[in-house]
Amino acid sequence: MSDSSARLDVYTDVNVVPEHENSELKKAISDLEGETVQLKKKQKLLDDKRRELLNNITNLKGSIRVFCRVRPILQANKMKVRELVETELGKMVIRLSGGAKEFGFDKVFPQEATQEDVFTEVEPILRSAVDGHNVCILAYGQTGTGKTFTMDGIDDQPGIVLRALEKLFDFASIDKTSTLTFSISMLEVYMGNLRDLLVAKPVRAMHETAIRCSNLNIQTDQKGFIEIEGLAEVQIPDLTKAKWWYNRGRRARSTSWTTVNETSSRSHCLTRISIVRQCDHDGEVESSKLWMVDLGGSERLLKTGATGQTLDEGRAINLSLSALGDVIAALRRKKGHVPYRNSKLTQILKDSLGHDSKVLMLVHVSPCEQDLAETLCSLSFAKRARGVEFNRDMSEDLKKQREKKLIDLEETLKETEEESRKVETQLTKAEFLLCESKKLLPASPCLPLDDQTEPITPKNEKQMLKSPRVPARSPKAATAPPSVLPRFMTSTVASRQRQSASEQQITKRSKPKSLCHSEANLKSIILQKINKKPRWHTDTRAANTLQCESPRSVRMDHYKPVAAYSADHNERVTPTTTGRVGGGHYHHRRRMSSLI
Ligand SMILES: Nc1ncnc2c1ncn2[C@@H]1O[C@H](COP(=O)(O)OP(=O)(O)OP(=O)(O)O)[C@@H](O)[C@H]1O
């Protein structure tokens, strides 16, 4: 057979679409493009609606919520204690000689409550953080009542922070309308000074006489947002890196021995997760903060056997806790002046306690008779934070109305989420069809088969179907000046996982049992759209090259970080604003952390 006849055969086998069908295919593509744009718009609207509904629900429940957790009786004093604390649904009852005293809470966790029980109730507030609200979770209570246990947890019972990190990455992997990126900072407020826990070197000497604090400045920008100048902020692209940094920060925390708790925290430990959310539809960027705070133990100083430095530490902790109580009470009463400036703690948390933020305070108490005085102090603090007027002053009628409104809102939220899932399915289908039909358009004159690079074999066919194409950077990203880009906007592992899952999903769908059959199916689907019967012939070699790149996957690499933040511990950590790398030596007065 001559060369030319061979070429003729090839052209006959390959999809040569007649002109009129070609224009119908173009029309179908343009319809599909219109459809995906509309579906994306609808998806964005539904997501906005969901966020608004959730926000209304949280506000109705109270933007400052107070839970109470009762620590179990510890093995050490199991034999010699009398329990005075009883829990009922949403209520704490203290049995006193003169009768019982009741305290109401949004939720009460009895001694047997697990870390999981606690986290289940905490979880909804994390959604608010991802939706763009500043959120503050505070663990408050007497020394030794389990604040660190609730926030940090122990090896086999992780606490809120680790669970929250996991949850955030879960949210990122299932978010269909935006890309989420996270970074972590940790600091402690010790005797009124701030100390960066991510750049601090763990100090192994137990009784160092001085603490060197880093030069961290609390700044308020024009919009009233708080930034801590000089505080290291590390990008966390995945859960493993997030855990690594978090554990590093915890080890650097100051602890000391008191008569009440062997590893008493002598400071407030603050973990901040900065969340950047970029909407895939319009590129809009939102940021929010999630603070998780293990407060220093509130204590009656005489009881802890504190003297000297420990006494000073206790005083400093009590002063800042009382300032925190004043701020929350003022916010509760919606009082004009909120005394944020009275402590470093409240200055740092200023933009995450007030306007439009969500606060969750977990008050910890001991069940033992010997701790009664402290327990009553903690419960009074909680009562003030919760606002006495909240339920007591509300008439039964109002309470019922509120309950009904909550039920209605939750119902609407469910429906919205359901509708959003349906739109997501439609969008995936439309994008798949669009992607495949574009490949049926003859883009340029066909090359003779001899000129094609590699023959298709079963081996590389598999390879091609599996490996996604490298996503192109969007024109937006290519042209945007780096200085205006948020510094955390790199793809996270979660987002990359989501991308590859999405591609695998589509590849699975596009992966033909028989390639001819698959393409014929595709054509018939597209032809159905343009009301035509399939007439084209199939060239299996051409069909083999079908790889569907999810159009939605392109978004991941839009941005590069401006600063070289890295969660890899071999790499550099950069402080947020000053450019000063905090590799200095921090001589902490003493440290007995059990976490080393
Ligand atoms: N819910 C719980 N279940 C089991 N053990 C607990 C629980 N809560 C606290 N503990 C144990 O009680 C001890 C004291 O708890 P923890 O150190 O968390 O108290 P703390 O309130 O953080 O104290 P401090 O303010 O002094 O730092 C620890 O040994 C801890 O493991």
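Exactly one residue among 63, 30 is at pLDDT 75 or above and surrounded by 13 or more Cβ atoms within 10 Å (Cβ to Cβ), and that residue is 63. Filtering region 130-178 to residues that are β-branched (Val, Ile, Thr), open to solvent by 10 Å² or more (accessible area, probe 1.4 Å) and part of a strand (DSSP E or B) leaves only 154.
Against the test of being within 7 Å of the ligand (Cβ to nearest atom), in the same structural domain as residue 267 (by TED's automatic domain parsing) and in contact with a helix residue (DSSP H, G or I) (Cβ under 9 Å, 6 or more places away or on another chain), the options 141, 153, 132, 146 yield a single qualifying residue, 141. Would you call residue 106 open to solvent by 10 Å² or more (accessible area, probe 1.4 Å), among the charged types (D, E, K, R) and within 14 Å of residue 67 (Cβ to Cβ)? Answer is yes for this residue. Does any residue of region 322-334 turn out to be out of contact with any helix residue (DSSP H, G or I) (no Cβ under 7 Å at 6 or more places or on another chain), charged (D, E, K, R) and not in a helix (DSSP H, G or I)? Looking through region 322-334, at least one residue is out of contact with any helix residue (DSSP H, G or I) (no Cβ under 7 Å at 6 or more places or on another chain), charged (D, E, K, R) and not in a helix (DSSP H, G or I). Pairing residues of region 224-238 that are over 16 Å from residue 198 (Cα atoms) with residues that are open to solvent by 10 Å² or more (accessible area, probe 1.4 Å) and of a type in the set (Lys, Arg), at Cβ distances under 7 Å and at least 6 apart in sequence or on separate chains, gives 226/350. The single condition from (1) within 15 Å of the ligand (Cβ to nearest atom); (2) at pLDDT 95 or above; (3) within 21 Å of residue 233 (Cβ to Cβ) that residue 190 fails is (2). Restricted to region 109-129, and to residues there that are open to solvent by 30 Å² or more (accessible area, probe 1.4 Å) and without any contact (Cβ under 8 Å) to a residue 60 or more places away in the chain, the residue that is farthest from the ligand (Cβ to nearest atom) is 123.
Can you say whether residue 284 is modelled with pLDDT of 85 or more and open to solvent by 40 Å² or more (accessible area, probe 1.4 Å), as far as the supplied structure shows? So residue 284 passes the test.
The values are calculated or read from the model by the stated rules, or taken from the named source; none is laboratory data. Computed from a predicted structure; not experimentally measured. Glycine gets a Cβ as well: all are built from the backbone with ideal geometry, and neighbour counts include every protein chain shown. Heavy atoms of the whole protein, side chains included, go into the accessibility calculation; ligands, DNA and RNA do not. Shrake-Rupley method; radii C 1.70, N 1.55, O 1.52, S 1.80 Å.
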